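This report concerns only the one structure given below.
The values are calculated or read from the model by the stated rules, or taken from the named source; none is laboratory data. Keep in mind the model is a prediction, meaning the values are calculated, not measured. For neighbour counting, all protein chains shown are included, and Cβ atoms are generated from backbone atoms with ideal geometry for every residue, glycine included.
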Amino acid sequence: MSFLLRTRVRVVGRAASEGVGPLRPLMGCRVRAGFPSPADDHLDAEIDLHAYVVKRPAATYFVRAEGDSMLGDGIHHGDLLVVDRSLEPLPGRVIVIALEGEPTVKRLEQHGAAVWLVASNPRFAPIPLAGRECEVWGVVTHVLHDLLGRAP
């Protein structure tokens, strides 16, 4: 695992803007994903989505996911990933990593001394990192998924 921590983290894309976008209403209740229940009819507060998903603006960037290897983690083709370069790539975290120059998103796993990249779609085999050139680009913190299928 130590070789991952010694790698340089290369900036991909531009860092998130320091500006604050417009605030949006936040419902004062939670929405059940099971059987519906009566909801409150009022707004409790406002939420700035940028401030909610970007904790460290200078270390955060956005990137689009491609492919279906991470479906089990709720990452679909075209989803927008929020990636924080300042977080440590610990086992169990979903990371963006350049593997032999090719960027990919996978879950980092460690079994004994062996470190692997693991897809959450069982159609994809784990990838051992031993002896491979790799560069961690950050830890995925949020996934923005378009339910209407309009994401570019």
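Numbers for the structure displayed
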quantity: Where Cys29 falls short, out of the listed (1) modelled with pLDDT of 90 or more; (2) of a type outside the set (Phe, Trp, Tyr); (3) outside the structural domain of Leu147 (by TED's automatic domain parsing); calculated: (1)
quantity: Residue list for the stretch 64-99, filter: of a type in the set (A, V, I, L, M, F, W, C) and more than 10 Å from Val143 (Cα to Cα); calculated: Met70, Leu71, Leu87, Leu90, Val94, Ile95, Val96, Ile97, Ala98, Leu99
quantity: Residue check, Val143 buried (at least 16 other Cβ atoms within 10 Å of the Cβ), within 17 Å of Tyr61 (Cα to Cα) and either modelled with pLDDT under 95 or not small (Gly, Ala, Ser) (or both); calculated: yes
quantity: Filter result for the condition that a residue is farther than 16 Å from Glu135 by Cα and at pLDDT 90 or above, over Pro91, Pro57; calculated: Pro57
quantity: Within the stretch 125-149, tally of residues that are touching a Gly at 6+ places or on another chain (Cβ under 9 Å) and more than 14 Å from Leu81 (Cβ to Cβ); calculated: 3
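A quick yes/no check of all residues on (1) surrounded by fewer than 19 Cβ atoms within 10 Å (Cβ to Cβ); (2) closer than 22 Å to Arg56 by Cα; (3) touching a strand residue (DSSP E or B) at 6+ places or on another chain (Cβ under 6 Å); (4) not charged (D, E, K, R):
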residue: His77; (1), (2), (3), (4): yes, no, no, yes
residue: Leu90; (1), (2), (3), (4): yes, yes, no, yes
residue: Arg93; (1), (2), (3), (4): yes, yes, yes, no
residue: Val96; (1), (2), (3), (4): no, yes, yes, yes
residue: Glu100; (1), (2), (3), (4): yes, no, no, no
residue: Arg107; (1), (2), (3), (4): no, yes, yes, no
residue: His111; (1), (2), (3), (4): yes, no, no, yes
residue: Ala114; (1), (2), (3), (4): yes, no, no, yes
